[in-house]
Amino acid sequence: MGRKTILITGSNGLLGQKLISQLKDTEIFNLIATSLGANRNEELPIRNYHSLDITRPFEVKKLFQSLKPDVVINTAAMTNVDACESSKEACWELNVMAVKHLVEACADINAHLIQLSTDFVFDGEDGPYDESAQPNPISYYGESKWAAEKIIQKSNLKKWSIARTIILYGYTEGMSRSNVVLWAKEALEKGEPINVVDDQFRSPTWADDLADGCIRIAAQNALGIYHLSGKETMSILELVFKVGEFFKLDTSMINPIKSNTLGQAAKRPPRTGFNISKAINKLGYKPKSFIEGLKLLNQQLASK
């Protein structure tokens, strides 16, 4: 058995960058990174990068036919929940139709597709959820990710995996958007009052852990659905307090509020969180505690 070729979509995003840094020197995979526009990862050799718009089926098919990846990890998505609610067509195009194009291109070359999904496929009425729980999304973002899951499951694809995750946090050079932990740290550093919801519960996921989980799925040819998140479920309020305490910032300016006072375009599931025992037992997935993740984040920020 030679090395497998693994292709990442959305390689400029946080998870994409973490996958690149863990895969670029590995012995078992040849790496191909793809994203819209130019490569933003300085560590990636230029020969390993291809610009790719996954909403264009012809472009996807052509690249897959020429490079013949064994595994495709689709990290590309529109993930801003309120933007998905207000720009439904753009959301459907990237989160659903693009997945359909990837499924067809993977089926043609018998590649293993690993699709990233989300806790937002659930309504949040009875979290934490295991892989057998029935999705019931309450936002358009959640709906689009659930539609993509169904396309994959009903397709003629022989090898597929769905990796669902929950609020990703971490740091990488050239990030295009922030995440809840970096937002909390920056907001508290300014010393101005911040409103934080106390009625939404999530399991924050260290981005490096999620990348490791996805690579384990690829290396072990693990098919089906896997829940990959952090171990601890906490309210967003508790999360922000923990960030403040860890970075020794003044937390007296944190103002607890209810979700319904925010007037956000999209509804959020009140309580998600995952049961991750399947990933731990079958994949050997070992997520960091939230405090361990913050320590590593601090090291990454210090070395930038």
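Excluding A111 itself, calculate the net charge of residues whose Cβ lies under 13 Å from the Cβ of A111, where each Lys or Arg counts +1 and each Asp or Glu counts -1. Don't skip to the end; give the middle numbers.
Details: positive: K4, K61, K68, K158, K159; negative: D70, E104, D108.
So the environment of A111 carries a net charge of +2.
Specify the angular offset, from 0 to 90 degrees and rounded to the nearest 10, of the alpha carbon long axis of helix 57-67 from the longest principal axis of the alpha carbons in the chain.
The angle comes out at about 70 degrees.
Which residue fluctuates the most in the chain, going by a Gaussian network model with Cα springs under 10 Å, if the choices are Q115, Q17, Q134?
Sorting by GNM fluctuation, first place goes to Q134.
Express the C-alpha Rg of the stretch 195-290 as a ratio against the empirical globular expectation 2.2 N^0.38 Å, rounded to two decimals.
The value comes to 1.29.
If one takes the longest principal axis of the Cα atoms in the chain, at what angle in degrees, from 0 to 90 and to the nearest 10, does the Cα axis of helix 140-154 lie?
30 degrees
In deg cm²/dmol and to the nearest 500, what is the mean residue ellipticity at 222 nm of the chain if only DSSP H runs of at least 4 residues count, each as -39500 (n - 2.57), divided by the residue total?
-10500 deg cm²/dmol, from helical runs alone.
Given N residues in the stretch 164-250, what is its alpha carbon radius of gyration divided by 2.2 N^0.38 Å?
On the way: Rg = 15.0 Å, N = 87, 2.2 N^0.38 = 12.0 Å.
Relative to the 2.2 N^0.38 Å estimate, the stretch 164-250 comes out at 1.25.
Given N residues in the stretch 1-125, what is its alpha carbon radius of gyration divided by 2.2 N^0.38 Å?
Ratio of Cα Rg to 2.2 N^0.38 Å: 1.07.
For the chain, give the magnitude of the charge dipole about the Cα centre (Cβ charges: +1 Lys/Arg, -1 Asp/Glu; no others), in debye to the nearest 20.
Roughly 840 debye for the chain.
Return one number: the angle in degrees, 0 to 90 and rounded to the nearest 10, between the long axis of the Cα atoms of helix 207-220 and the longest principal axis of the Cα atoms of the chain.
It works out to around 30 degrees.
So, R0 is 45 Å and r is the distance between the beta-carbons of I257 and K100; what FRET efficiency does that work out to, to 0.05?
Efficiency computed from Cβ-Cβ geometry: 0.70.
Treating each Cα of the stretch 64-153 as an identical point scatterer and ignoring solvent, apply the Debye formula and state log10 I(q)/I(0) at q = 0.19, 0.21 Å⁻¹.
Scattering profile of the stretch 64-153, log10 relative to I(0): -0.86, -0.99.
Say we join alpha carbon atoms closer than 10 Å with springs in a Gaussian network model of the chain; which of W183, W160, W206 then has the biggest fluctuation?
It is W183.
Given the convex hull over the Cα atoms of the stretch 243-304, what projected area results after averaging over all orientations, in nm²?
That works out to 7.3 nm², a quarter of the Cα hull's surface.
Using square roots of five times the C-alpha gyration tensor eigenvalues, list the equivalent-ellipsoid semi-axes of the chain in whole Å, biggest first.
31, 22, 18
Can you tell me which aspartates and glutamates have their Cα less than 14 Å from the Cα of K288? Leave out same-chain residues fewer than eight positions away.
By straight Cα distance, K288 reaches D208, D209, D212, E232.
Once you treat every alpha carbon in the stretch 78-232 as an equal point and sum by Debye, what is log10 I(q)/I(0) at q = 0.08 Å⁻¹?
Log-scaled intensity ratios, in q order: -0.26.
When the Cα centres of the stretch 257-274 and the stretch 33-73 are compared, how far apart do they sit, in Å?
Each part's Cα centre sits 35 Å from the other's.
Ranking request for peptides 144-151, 88-95: highest mean number of other beta-carbon atoms within 10 Å first, then the rest in descending order.
The peptides rank, most packed first, as 144-151, 88-95.
Tell me, in nm to one decimal, what length is gained between D250 and K150 on full extension, where the rule is 0.36 nm per residue of separation less the Cα-Cα distance? Provide the component values of the computation, followed by the final result.
Working: separation 100, 0.36 × 100 = 36.00 nm, distance 4.53 nm.
Gain on stretching D250 to K150: 31.5 nm.
Since every read-out is calculated from the coordinates, none of them should be taken as a lab result. This is a predicted model, so every value here is computed, not measured. Because the Cβ atoms are built from the backbone with ideal geometry, glycine has one as well, and the counts that use them run over all protein chains shown.
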